[in-house]
Amino acid sequence: MNQQLLDFFTKHYAPGRVALVGATDDMYMLIRAGQSSITADKKPSKYNHVFLLGEQRAGTIYILESDIHFSFKEIQFINGPQESKLEKWCMDTVEYAAVLGMDLTPDQQKEVLSKGLEISYDDRYKYPVGELVGTLWAMITKTLHKKNIFDKEFAIQCATFVRTCYQSVDKDMITSNTHPSNTSPEEIAQSGMFTFKQEWRRT
């Protein structure tokens, strides 16, 4: 675990804030490279994953995310929205991270997290690998405004999950006409709707 990264997240933690990470694992580098068509410099995105900072319980910060999690140690496989410990994304392979926030009232913070938990405990939702490919295809073909070609009713990738939770309090971080099913970590990172932004880079 990267203690410096954990300290960064802890310092800038608030319930309902948005966190981004960019790791150097092969699969994550592919996701970062796939978003290059919408970065300002046309280089790979800094980020491959986005999640919500959730509750803090007994000194541990929990997050809400949509992901595929498999653990031999815990004999666990989770596909879709889930509650995880923040430490999951404080790996030495993480190269970039950011924390973004809007001016949410305490009630709005609770509603954002409530929506995230509601989706996380609905077993119908799954993390769609196919939809991820569909979003990358929409970037290449400049059809982000259209519904993802692989979208299904209960398919929800990480960025769509975060955007949906904020939409529950009438706060949409994406001002373009990008279809919700094509939302990406890079587009959230570029959003000018956040009033709070802190970034971290591995040294």
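The values are calculated or read from the model by the stated rules, or taken from the named source; none is laboratory data. Since the model is a prediction, treat every value here as computed from it, not as a measurement. Cβ placement follows ideal geometry from the backbone for every residue including glycine, while neighbour counts extend to all protein chains displayed.
Taking interchain pairs and intrachain pairs at least six residues apart, which have beta carbon atoms under 7 angstrom, with the first residue in segment 100-112 and touching a residue at least 12 places away in the same chain (Cβ under 8 Å) and buried (at least 19 other Cβ atoms within 10 Å of the Cβ) and the second among the aliphatic types (A, V, I, L, M) and in a helix (DSSP H, G or I)?
As it stands, the answer is LEU104/VAL112, since those pairs meet every condition given.
Right, ILE68: among the β-branched types (Val, Ile, Thr), more than 29 Å from LYS142 (Cα to Cα) and either outside any loop (DSSP other than H, G, I, E, B) or touching a Pro at 6+ places or on another chain (Cβ under 9 Å) (or both) or not? Steps first, please.
Numbers: among the β-branched types (Val, Ile, Thr): yes; more than 29 Å from LYS142 (Cα to Cα): no; either outside any loop (DSSP other than H, G, I, E, B) or touching a Pro at 6+ places or on another chain (Cβ under 9 Å) (or both): yes.
No: the conditions fail for ILE68.
Does any residue of segment 101-113 turn out to be among the hydroxyl-bearing types (Ser, Thr, Tyr), farther than 27 Å from SER37 by Cβ and at pLDDT 95 or above?
Of all residues in segment 101-113, those among the hydroxyl-bearing types (Ser, Thr, Tyr) come to 105.
With the extra rule that they be farther than 27 Å from SER37 by Cβ, the set shrinks to 105.
Next, only the ones that are at pLDDT 95 or above stay: 105.
The answer is yes, given that some residue of segment 101-113 is among the hydroxyl-bearing types (Ser, Thr, Tyr), farther than 27 Å from SER37 by Cβ and at pLDDT 95 or above.
Report whether or not ALA19 is exposed (fewer than 13 other Cβ atoms within 10 Å of the Cβ), closer than 21 Å to SER168 by Cβ and modelled with pLDDT of 95 or more. Steps first, answer last, please.
Values: exposed (fewer than 13 other Cβ atoms within 10 Å of the Cβ): no; closer than 21 Å to SER168 by Cβ: yes; modelled with pLDDT of 95 or more: yes.
The answer is no for ALA19.
From the list TYR96, TYR125, which one is aromatic (Phe, Trp, Tyr), buried (at least 19 other Cβ atoms within 10 Å of the Cβ), more than 21 Å from ALA189 (Cβ to Cβ) and in contact (Cβ under 8 Å) with a residue 24 or more places away in the chain? Please lay out each step first, then the result.
On the way: TYR96 fails: more than 21 Å from ALA189 (Cβ to Cβ).
Selected residue: TYR125, the only one of TYR96, TYR125 that is aromatic (Phe, Trp, Tyr), buried (at least 19 other Cβ atoms within 10 Å of the Cβ), more than 21 Å from ALA189 (Cβ to Cβ) and in contact (Cβ under 8 Å) with a residue 24 or more places away in the chain.
Residues being within 22 Å of THR160 (Cβ to Cβ) and part of a helix (DSSP H, G or I): count how many of those fall in segment 10-53.
11
Applying the selection to segment 134-159, what residues are under 16 Å from the mean Cα position of the chain (by Cα) and surrounded by fewer than 21 Cβ atoms within 10 Å (Cβ to Cβ)?
Step one: of segment 134-159, the residues under 16 Å from the mean Cα position of the chain (by Cα) are 135-136, 155-159.
Residue satisfying the conditions is LEU136 alone.
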